[in-house]
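The values are calculated or read from the model by the stated rules, or taken from the named source; none is laboratory data. Since the model is a prediction, treat every value here as computed from it, not as a measurement. Cβ: placed from backbone, ideal geometry, glycine included. Neighbour counts: every protein chain shown. Surface accessibility is based on the protein's heavy atoms, side chains included, excluding ligands, DNA and RNA. Shrake-Rupley method; radii C 1.70, N 1.55, O 1.52, S 1.80 Å.
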2 protein chains.
Amino acid sequence: MTTRADCARLDDTDALAPLRDQFQLPDETIYLDGNSLGPLPITVAARLQRVVAHEWGTNLIGSWNSADWMRLPHTVGNKIGSLLGAGDGELIVTDSTSVNLFKVLDVAASISGGARDVILSERDNFPTDLYIAGSVAAAHGMTLELAERGSVATMLDERVAILLLTHVDYRTGAMHDMAATTAAAHAAGAVVVWDLAHSAGAVPVDLHAADADFAVGCGYKFLNGGPGAPGFLWVHPRHHGQQSQPLAGWMGHAAPFDFTPDYRPAIGIAGYQAGTPPILSLAALDCGVDTVLAAANLGGIAALRAKSLALSELLIELVEPVGREHGLTVVTPRDPTKRGSQVSLSHPANGFALMQALIARGVVGDFRAPDVLRFGCTPLYTRYVDIYDAVDQLAEVLGSGEWRRPEFSRRGLVT
Amino acid sequence: MTTRADCARLDDTDALAPLRDQFQLPDETIYLDGNSLGPLPITVAARLQRVVAHEWGTNLIGSWNSADWMRLPHTVGNKIGSLLGAGDGELIVTDSTSVNLFKVLDVAASISGGARDVILSERDNFPTDLYIAGSVAAAHGMTLELAERGSVATMLDERVAILLLTHVDYRTGAMHDMAATTAAAHAAGAVVVWDLAHSAGAVPVDLHAADADFAVGCGYKFLNGGPGAPGFLWVHPRHHGQQSQPLAGWMGHAAPFDFTPDYRPAIGIAGYQAGTPPILSLAALDCGVDTVLAAANLGGIAALRAKSLALSELLIELVEPVGREHGLTVVTPRDPTKRGSQVSLSHPANGFALMQALIARGVVGDFRAPDVLRFGCTPLYTRYVDIYDAVDQLAEVLGSGEWRRPEFSRRGLVT
């Protein structure tokens, strides 16, 4: 059994340990919720100060040119693309994940519809994916069909136009084999849309090697872009210019400042923009993405992945005996090739209260209905001793029964 | 003819003059482009510092509840609504103007379509409005028809499902009579969507008095919300719950944190959200909106409007003799009831270079293709002497011929 001293030794020899200094992390808190909201990069305050006081305050409208605000969706997009096996000019930061899903699903439906009239996804996919897919399906006279986890392959038939999957499941942390699943979908004649919300910055992704068609993702989780950071969108070059997306705003026009009454979409990823780019949010996201890129000369995503798996292995090893005693089970796959960068535990009756009691002790994970406690194992700033101490605190919460206190059952707007 | 001394006297007795202190404005610049990007409110830096260091950095994910991040789209929305004659809970800040237009036009098409199959707008409307309207029309099997300015009324017939107009024209500053136009459209059986991009914070608007159906608008112009600030969206309560909007993201769900696979839209304006709200941008916009609300006990929007018209009257009075000499004509309506908060001049051959030369002298307006020089007369921070000096500089630019220098013909990404 791994001891706290073992964990301290692992931290001492961890080549990635200095990356933690990139963040402002509150004292007395073990933050294991970077899969929901990444912590604050210390560079954000100064960057925003510069954008606000200098670019906006002093140079005003001129900054669209002089500070290259117009290019920011592309420059940050290319950085994110470099983490995902995307080529330059293939990925753009714009709108939200939900809105971006609408765009790519609509385009995918237009290019792959015809005789095929099914969008296939998983019942356990993140709800926004299912809601948006349902909306696009209705608009195109298609049907959204939902597979149970593990049975996607059996439902890939000649009716399926689009396979929409989230690479890493938000609830359980289970990860699809992107290359194999994409190949199976292509063999069945479908195009594939990947939601990388829990993948970007967290696990190795190679969109070109997997031959994916479309991808979207989130800026505020493992990319540390701040609350409500804009999302991103990637389109394989073979689909550039095939079909324009429906949110035909002026920023997706080939020449927005010609102000012509007719829409002429920009060829390529620029055509997936709609409105004016949100500069303050983009600047913060840029800082967040840089915290991941900072691992480049320490082994990059591969090194981050190795540490992430070591952290999640450790968490699983330590939590299992505690769980056996208190009815808490690990729902994240034990096979490391099949999980993302989180560990999820199920406690059917009292998961919510357990998590609130744990948060009250300064260990911050989160709860996802109906029964899941999530713990993000984010290698940029999580120490092995954090994992040890978190499980120790969880054991205390369970052993003391303090989670039964009424205040831990009260729900806020957000769980 | 008004002299500079007259202008200085007007400034001395201007009750609104102290409102200028709310902004960081660069020395040596006369900023007449607040209709494109409002200047920096001095409260933004501290507000963002608090949101970043305290809410994000220290309280992390907990701020969705403790800092009421979830409510921010509504709290800022209600403030904007108070400037527009909207009731509490009717207006929300979300996404961009383009994306919001897509939502309301889609809903409007669903509820008013049937036998009617035309979306009517103006050829000179802001391009994003026409692009989005074209996209929605195509999706609904409708046609987008474009009226020339002034001929909307003659085209309102039994085929028109939706009338989409921008209240204040971005190029000329001409303003529609919202109440009369809405009444005419209703009499013809159409619903009306108003784009308030150049109205919110600039001119009196009373959506309920006008009996409008839908409205969208922009946060970064007269509301001073910062580059790429989120847009807003208003729906008359009679249309709440009639039809859900197509960007069915999880934040528009009646209970997003139930994570159910089926979309059940929130009734009311909350259902017009899609993705996670952009907190940093919303916080800056909140500061911007407060700069307009600060006029409340100085006479509010009516007082702002009176000063705005006095500024634009002055600009027209001073620029006309200069214009006559140099082929520059005022294209903004002389009738003050028919213009917004800007003055636009046309110079068919050299408008672009003229504006660049003027900007080089520190007078910042902007250019809109093909031939329009725009000058925002924003009463929150523009002084009468600024107008005087701006026209004086323009006369210098024209008289000296310096605008012929080659560097003034070079275009950036943004004009």
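Tell me the residue from B:ALA353, B:ALA349, B:ALA360 that is at pLDDT below 95 and farther than 25 Å from B:GLY201 by Cα, please. Show your work before the answer.
On the way: B:ALA353 fails: at pLDDT below 95; B:ALA360 fails: at pLDDT below 95.
B:ALA349 is the lone residue from the list that is at pLDDT below 95 and farther than 25 Å from B:GLY201 by Cα.
Restricted to the range A:367-415, and to residues that are among the acidic types (Asp, Glu) and at pLDDT below 95, which residue is farthest from A:LEU328 (Cα to Cα)? Can you show your working first?
Pass one, the range A:367-415, residues among the acidic types (Asp, Glu): A:371, A:386, A:389, A:392, A:396, A:402, A:407.
In the following step, the residues that additionally are at pLDDT below 95 were identified as A:371, A:407.
On the way: A:ASP371: 10, A:GLU407: 21 Å.
In this case the residue turns out to be A:GLU407.
When the range A:147-167 is examined, which residues are found to be under 11 Å from A:GLU122 (Cβ atoms), open to solvent by less than 70 Å² (accessible area, probe 1.4 Å) and out of contact with any Ser or Thr (no Cβ under 6 Å at 6 or more places or on another chain)? Steps first, please.
In the first step, residues of the range A:147-167 are kept if they are under 11 Å from A:GLU122 (Cβ atoms); the result is A:147-152, A:155, A:163-166.
Of the ones still in play, those that are also open to solvent by less than 70 Å² (accessible area, probe 1.4 Å) are A:147, A:151-152, A:155, A:163-166.
Within the range A:147-167, A:ALA147, A:SER151, A:VAL152, A:MET155, A:LEU163, A:LEU165, A:THR166 meet the criteria.
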Of all residues in the range B:117-146, count the ones that are open to solvent by less than 40 Å² (accessible area, probe 1.4 Å), of a type outside the set (Ser, Thr, Tyr) and out of contact with any Asp or Glu (no Cβ under 9 Å at 6 or more places or on another chain). 2
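Return the only residue of A:THR382, A:THR337 being among the hydroxyl-bearing types (Ser, Thr, Tyr) and more than 14 Å from chain B (Cβ to nearest Cβ). Can you show your working first?
Working: A:THR382 fails: more than 14 Å from chain B (Cβ to nearest Cβ).
Step by step, each of A:THR382, A:THR337 is checked, and only A:THR337 is among the hydroxyl-bearing types (Ser, Thr, Tyr) and more than 14 Å from chain B (Cβ to nearest Cβ).
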Restricting the search to the range B:301-312, which residues are more than 18 Å from the chain's Cα centre (by Cα), more than 12 Å from B:TYR381 (Cα to Cα) and open to solvent by less than 30 Å² (accessible area, probe 1.4 Å)? B:ALA303
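Confirm whether A:GLY226 is over 30 Å from B:GLY57 (Cα atoms) and more than 12 Å from the chain's Cα centre (by Cα).
Details: over 30 Å from B:GLY57 (Cα atoms): no; more than 12 Å from the chain's Cα centre (by Cα): yes.
No: the conditions fail for A:GLY226.
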Taking the range B:193-222, which residues are open to solvent by 10 Å² or more (accessible area, probe 1.4 Å) and of a type in the set (Ser, Thr, Tyr)? B:TYR220
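Consider B:ASP27 carefully, then state whether it is surrounded by fewer than 17 Cβ atoms within 10 Å (Cβ to Cβ), more than 23 Å from A:THR58 (Cβ to Cβ) and charged (D, E, K, R).
Details: surrounded by fewer than 17 Cβ atoms within 10 Å (Cβ to Cβ): yes; more than 23 Å from A:THR58 (Cβ to Cβ): no; charged (D, E, K, R): yes.
No.
Condition test on B:ASP95, is it among the acidic types (Asp, Glu), within 11 Å of chain A (Cβ to nearest Cβ) and surrounded by fewer than 24 Cβ atoms within 10 Å (Cβ to Cβ)? Steps first, please.
Values: among the acidic types (Asp, Glu): yes; within 11 Å of chain A (Cβ to nearest Cβ): yes; surrounded by fewer than 24 Cβ atoms within 10 Å (Cβ to Cβ): no.
It is false that B:ASP95 is among the acidic types (Asp, Glu), within 11 Å of chain A (Cβ to nearest Cβ) and surrounded by fewer than 24 Cβ atoms within 10 Å (Cβ to Cβ).
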Tell me whether the range B:38-51 contains one or more residues that are touching a Phe, Trp or Tyr at 6+ places or on another chain (Cβ under 9 Å) and open to solvent by 60 Å² or more (accessible area, probe 1.4 Å). yes
For the range B:14-50, which residues satisfy the criterion of being more than 7 Å from chain A (Cβ to nearest Cβ), in contact (Cβ under 8 Å) with a residue 60 or more places away in the chain, closer than 19 Å to B:GLY201 by Cα and in contact with a strand residue (DSSP E or B) (Cβ under 8 Å, 6 or more places away or on another chain)? B:GLN22, B:PHE23, B:LEU25, B:LEU32, B:GLY34, B:ASN35, B:PRO41
The strands (runs of 3 or more DSSP E) lying entirely within the range A:100-196 that contain at least 2 residues which are under 25 Å from the mean Cα position of the chain (by Cα) and within 11 Å of chain B (Cβ to nearest Cβ) are A:118-122, A:143-147
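Conditions (1) under 19 Å from B:SER281 (Cα atoms); (2) more than 8 Å from chain B (Cβ to nearest Cβ), marked per residue:
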site: A:VAL52; (1), (2): yes, no
site: A:TRP56; (1), (2): yes, no
site: A:TRP64; (1), (2): yes, no
site: A:LEU72; (1), (2): yes, yes
site: A:ALA86; (1), (2): no, yes
Filter result (more than 13 Å from chain B (Cβ to nearest Cβ) and open to solvent by 10 Å² or more (accessible area, probe 1.4 Å)) within the range A:223-243: A:HIS236, A:PRO237, A:ARG238, A:HIS239, A:HIS240, A:GLY241, A:GLN242
Per the filter on the range A:252-288, residues more than 7 Å from chain B (Cβ to nearest Cβ), surrounded by 22 or more Cβ atoms within 10 Å (Cβ to Cβ) and in contact (Cβ under 8 Å) with a residue 40 or more places away in the chain are A:ILE269, A:TYR272, A:GLN273, A:LEU282, A:ALA283, A:LEU285, A:ASP286, A:CYS287, A:GLY288
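Residue by residue, here is whether (1) touching a Ser or Thr at 6+ places or on another chain (Cβ under 7 Å); (2) part of a helix (DSSP H, G or I); (3) of a type outside the set (A, V, I, L, M) holds:
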residue	(1), (2), (3)
A:ILE359	no, yes, no
A:PHE367	yes, no, yes
A:PHE375	no, no, yes
A:LEU380	yes, no, no
A:GLN393	no, yes, yes
A:TRP403	no, yes, yes
A:ARG411	no, no, yes
With respect to A:ALA200, determine if the residue is assigned to a loop (DSSP other than H, G, I, E, B), within 29 Å of B:TRP69 (Cα to Cα) and either within 12 Å of another protein chain (Cβ to nearest Cβ) or not aliphatic (A, V, I, L, M) (or both). no
Which residues, counting only those in the range B:168-192, are closer than 20 Å to B:VAL107 by Cα and surrounded by 22 or more Cβ atoms within 10 Å (Cβ to Cβ)? B:THR182, B:ALA185, B:ALA190, B:VAL191, B:VAL192
Could you tell me which of the residues A:LEU315, A:LEU304, A:LEU345 is part of a strand (DSSP E or B) and away from every other protein chain (no Cβ under 14 Å)? A:LEU345
